[in-house]
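Enquirer: Can you keep this structure in mind? I'll have questions shortly.
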Amino acid sequence: MPQKRLQMLRGLIELVRPHNLVVAALTTLIGYGTVASIYGGDIVSSGYAYAALIVVLVAAGGYVINDYYDIETDMVAKPWRPIVSGRVSPGAARFYAYMLFTIGLIIALVTCPNFIVFGFAVLNALLVHEYSRWIKRTGLPGNIVIAFNSASTIVFGALYASCMIKGKVVLPSVALIPVLYAFLLVLGREFVKGIEDVKGDAIAGIGTLAVRFGVRTAYMASVAVLGLVVVLSPFPYISGVYNMAYLILALVVDVLIAYSLAILGRGVARGLEDAIRASRRARSALKLAFMVGALAFLAGLM
């Protein structure tokens, strides 16, 4: 294979962020597995494979289109990214993104011809596209969209499972527990990220909580949201759907959240520069917390 084509192929793979797609597939399994355990279906099945494939394709399209709309920013901040480095042309990237979106939505329509399931897939494709195009620059609404999209993989897995197992869409209320958990955890992480990026966001005119109201307010918002995650963490076990393995791992998540808030609180108390440095460590801890949380729900179903 000629060197140029090999570089383009590597660029196309890099654009879809494979490690993030693995996480998306796992969170889809949380929703699918929760509904399957309630209705007596197989957790790991061809139905789940289709659901994960749809989510992965739509998410991959979202990551590619994000790089497409971030060309100007990446020229300065990330010149090694596939498009700005010249490995993938902007036109090829845009075609690639729309192809991924289209294939994912076609699979959703063909494998589960249900208006709610297909409509939810379309909604998410539109949101990830519009987030990249303009919503990300709105600040708080952008934070909410990111949190929704992260949690929506669980919702889609649950909707798709009910479609495959029951033949109709029935979303048990207990399936919404991990959805709320993921939404709040990611929203809190977005508030922390807003502290980390406060200087650049202020220059770009992005109205995050940290920019509009200060890093202390953004910190308090993250405390409120992430504190709610800790308070809610025992309820999945209490519901009877998730076993003791969930509870043990959920406690690890709680510790990671407490750690991130503690180091961030100390940083905020010392001033802006310390807050920014602390937010980087806090966000890394919260990323780990999200992964452990996903594993908690998966282990809790076994």
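Each reported figure results from applying straightforward, stated rules to the coordinates on display, with no laboratory input. Computed from a predicted model, the values in this text were never measured in an experiment.
Enquirer: Dividing the convex hull volume of the alpha carbon atoms of the stretch 161-302 by its residue count, what do you get in Å³ per residue?
Expert: Spelled out: Cα convex hull of the stretch 161-302, divided by residues, is 114 Å³.
Enquirer: Please state the equivalent ellipsoid semi-axes for the stretch 1-171: what are the square roots of 5 times the Cα gyration tensor eigenvalues, largest first, in whole Å?
Expert: Rounded to whole Å, the semi-axes are 31, 18, 13.
Enquirer: Restricting the calculation to Cα positions, tell me the Rg (one decimal) and the Dmax (whole number) of the chain in Å.
Expert: Values for the chain (Cα only, Rg and Dmax): 19.8, 58 Å.
Enquirer: Same structure again: Pop out the ³J(HN,Hα) list for the stretch 224-231 in order, Karplus 6.51 cos²θ - 1.76 cosθ + 1.60 with θ = phi - 60°, rounded to Hz; leave Gly and Pro as x.
Expert: Those phi angles translate into 5, 6, 6, x, 5, 4, 5, 4 Hz.
Enquirer: Taking only DSSP H segments of four or more residues, each worth -39500 (n - 2.57), what value at 222 nm results for the chain once the sum is divided by all its residues, to the nearest 500 deg cm²/dmol? Don't skip to the answer; put the middle values down first.
Expert: Working: 14 runs with 246 residues, N = 302.
Value at 222 nm, helices only: -27500 deg cm²/dmol.
Enquirer: I need the phi-derived Karplus couplings for the stretch 121-129: 6.51 cos²θ - 1.76 cosθ + 1.60, θ = phi - 60°, integer Hz, Gly and Pro marked x.
Expert: 5, 5, 4, 5, 4, 5, 5, 5, 5
Enquirer: Ok, one more. Gap in Å between the Cα centre of the stretch 143-203 and the Cα centre of the stretch 229-248?
Expert: Here the two parts' Cα centres lie 18 Å apart.
Enquirer: From the phi of every residue in the stretch 38-49, what ³J(HN,Hα) in whole Hz does the Karplus formula 6.51 cos²θ - 1.76 cosθ + 1.60 yield, where θ is phi - 60° and glycine or proline is x?
Expert: Computed from phi, the couplings for the stretch 38-49 are 6, 9, x, x, 7, 5, 9, 8, 5, x, 5, 4 Hz.
Enquirer: Continuing with this model, one more query. To one decimal place, what Kirkwood hydrodynamic radius in Å is obtained for the stretch 2-56 from all pairs of distinct Cα atoms? Mind dumping the intermediate values first?
Expert: On the way: mean 1/r = 0.0782 Å⁻¹.
Over the stretch 2-56, the inverse of the mean reciprocal pair distance is 12.8 Å.
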